[in-house]
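The values are calculated or read from the model by the stated rules, or taken from the named source; none is laboratory data. These figures come from a predicted structure and were not determined experimentally. For neighbour counting, all protein chains shown are included, and Cβ atoms are generated from backbone atoms with ideal geometry for every residue, glycine included. With ligands, DNA and RNA removed, areas are computed over all heavy atoms of the protein, side chains included. Shrake-Rupley method; radii C 1.70, N 1.55, O 1.52, S 1.80 Å.
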Amino acid sequence: MFSTLHAASADVKLTEEKNESTGGKGSPVSSPVAPHRWMVDYSLEFSYILRRSEEEIAIHAIKHALKSLRKRHLLEEGAHGPAFVALSKPIASQGSEWKDKAENLELELQQCYKAQARLSEQLVVEVAESRAAKSLVQEKETLIPSLEHDLSQARDECSCLAELLEEKSKALELLIDENKELRSQCEELRTRAINAEAENKTLVDRWMLQKMQDAERLNEANALYEDMLGKLKASGLEQLARQQVDGVVRQSEEGAEFYVESTIPKACKYRIPAHDGGCASIVFENSSGKLVSGGQDHTVKMWDSTTGRLTQTYNGCLGSVLDLSITHDNRCIIAASSSNNLYVWDANSGRVRHTLTGHKDKVCAVDVSRSSARHVVSAGYDRTIKVWDLNKGYCINTIMFPSNCNALSFSPDGQTIFSGHVDGHLRLWDIQTGKLLSEVAAHSLAVTSISLSRNGNTILTSGRDNLHNLFDTRTLEVWGTLRASENRVASNWSRSCISADNNYVAAGSVDGSVHVWSVSNGNIVSTLKEHTGSVLCCSWSGLGKPLATSDRNGVICMWT
């Protein structure tokens, strides 16, 4: 646009010079002042145009130049043609240069506009940030007084706490001093206590020694008494042997005991639902028709075998009853329990006299000495046998062994213990020293039952190998083995028994049957079938009859 404007102005100047040189020839204007006025008007108009915007100036310049050129060309085309051609060449070249410069300036101007836009955006962002910072500063300034107030309060509290700390430190120092004094006093008291304990131990040892001496004297007196009693019994032995009527033998002494020659059981006299969950142990009182049973329902019950009625129930056991024993004077009932304890009841009152604790696992076997109602022996699945003093109510000896014990029995003299173990061995122990006296492999599998004959010469063992062996207690040699293809032992605590006259053996089976063997020839003389569950225990009355059996359903059968 600027190039066109300059071209137009150049044409005007050229025309004016030509008119001056030619003296106004060829010009339509007759007045010599006309060109000067036109130039004045043009300059005024050109200055006005420069004050406009670039686009308007360009358009106006182009239009005005076209009009002027058209007029002048029409008038002076012929006169100024050669001069116009000569002058147009340098003007055209300058116009192209100006055009390039104008384009470059336009590019620079656009870049300036872009830079200005970026700077404007940055300025807006910085202004917004400045305002936000200013507002934040104002907020912080408003918080300064409250923070200064809190700081002053914190300083006051700190000073108070410092004073309190100083007081507590002084109190702590006092307490430390008192603690040191108390420790010194405690050490003195401890020294005194140790000395007193040593003196007490010495006194207890002396007292125990005196007690042992008294016990030895008492034992000597008892031995003398038993010796005199034995002589008294021996003096009347011949007379007692002759008093046999209908197979009944009467022992002539105060509190007479009777037993009848055992008969072969054939029929079930009573079928009693005794316990819930099973009955694992039954035992007759000595020289009595009363039967004591223990079951899974944590109870011990006494039955009259002549009527089949329940006479008494003993409560207080906290576990299943696994084995029972009765003192020879029938005053106490002892139960071995799965609660790791033994329970001792008074047979008449039904009250618990002792709870014997010490086993670490279930107690599965118990027996009472036949020579004394004082000593009780028990076996648990903690691999120990414990000897108890019923008068004192605590353990007096513990025997340890490598295999769990399922059954045990006192010897007739009460000095040794027979024990049957899971490894199938029968062991003999000294009750005083706890030493192993003898050992024999009784069964190929676990021993489940031990039963001592009335005369003490034979011991019956039963095992999971379904054999029932008869041992001579003096030599521990097998002199008889009883078996039956249908007889299978039900559990590790299945109890068999031997009759009071030592002529028969009874054992239960897993199919609910009870087999009775003759000891003399080893033949089965009776097979009893009344139980619907596995038979767990058999017990023969010391009077010769009846035979009692119990099963896994808690049913007791009495056979005659």
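What the table shows:
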| quantity | calculated |
| --- | --- |
| Single residue of segment 479-521 satisfying the filter (touching a strand residue (DSSP E or B) at 6+ places or on another chain (Cβ under 8 Å) and without any contact (Cβ under 8 Å) to a residue 24 or more places away in the chain) that is nearest to Thr560 (Cα to Cα) | Ser518 |
| Selection within segment 301-320 - assigned to a loop (DSSP other than H, G, I, E, B) and either among the charged types (D, E, K, R) or touching a residue at least 60 places away in the same chain (Cβ under 8 Å) (or both) | Ser305, Gly308 |
| Subset of segment 255-290 that is open to solvent by 40 Å² or more (accessible area, probe 1.4 Å) and of a type in the set (Val, Ile, Thr) - its residue that is modelled with the highest pLDDT | Ile264 |
| Residue among Ser550, Ser494, Ser520, Ser499 that is at pLDDT 95 or above and either of a type in the set (S, T, N, Q) or open to solvent by 20 Å² or more (accessible area, probe 1.4 Å) (or both) | Ser550 |
| Val440 of a type in the set (A, V, I, L, M, F, W, C), open to solvent by 20 Å² or more (accessible area, probe 1.4 Å) and either outside any loop (DSSP other than H, G, I, E, B) or touching a helix residue (DSSP H, G or I) at 6+ places or on another chain (Cβ under 6 Å) (or both) | yes |
| Lone unmet requirement of (1) buried (at least 22 other Cβ atoms within 10 Å of the Cβ); (2) farther than 26 Å from Thr299 by Cα for His531 | (2) |
| Test: residue in segment 321-342 that is among the charged types (D, E, K, R), in contact with a strand residue (DSSP E or B) (Cβ under 8 Å, 6 or more places away or on another chain) and part of a loop (DSSP other than H, G, I, E, B) | yes |
| Single residue of Thr481, Thr448 found to be of a type in the set (Val, Ile, Thr), touching a Lys or Arg at 6+ places or on another chain (Cβ under 8 Å) and either in a strand (DSSP E or B) or crowded, with 19+ Cβ neighbours inside 10 Å (or both) | Thr448 |
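Rundown of residues vs (1) closer than 21 Å to Ile450 by Cβ; (2) β-branched (Val, Ile, Thr); (3) surrounded by fewer than 16 Cβ atoms within 10 Å (Cβ to Cβ); (4) outside the structural domain of Ser491 (by the TED database), yes/no style:
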residue	(1), (2), (3), (4)
Thr357	no, yes, yes, no
Lys360	no, no, yes, no
Ala365	yes, no, no, no
Ser369	yes, no, no, no
Arg374	no, no, yes, no
Tyr381	yes, no, no, no
Asp389	no, no, yes, no
Lys392	no, no, yes, no
Phe401	yes, no, no, no
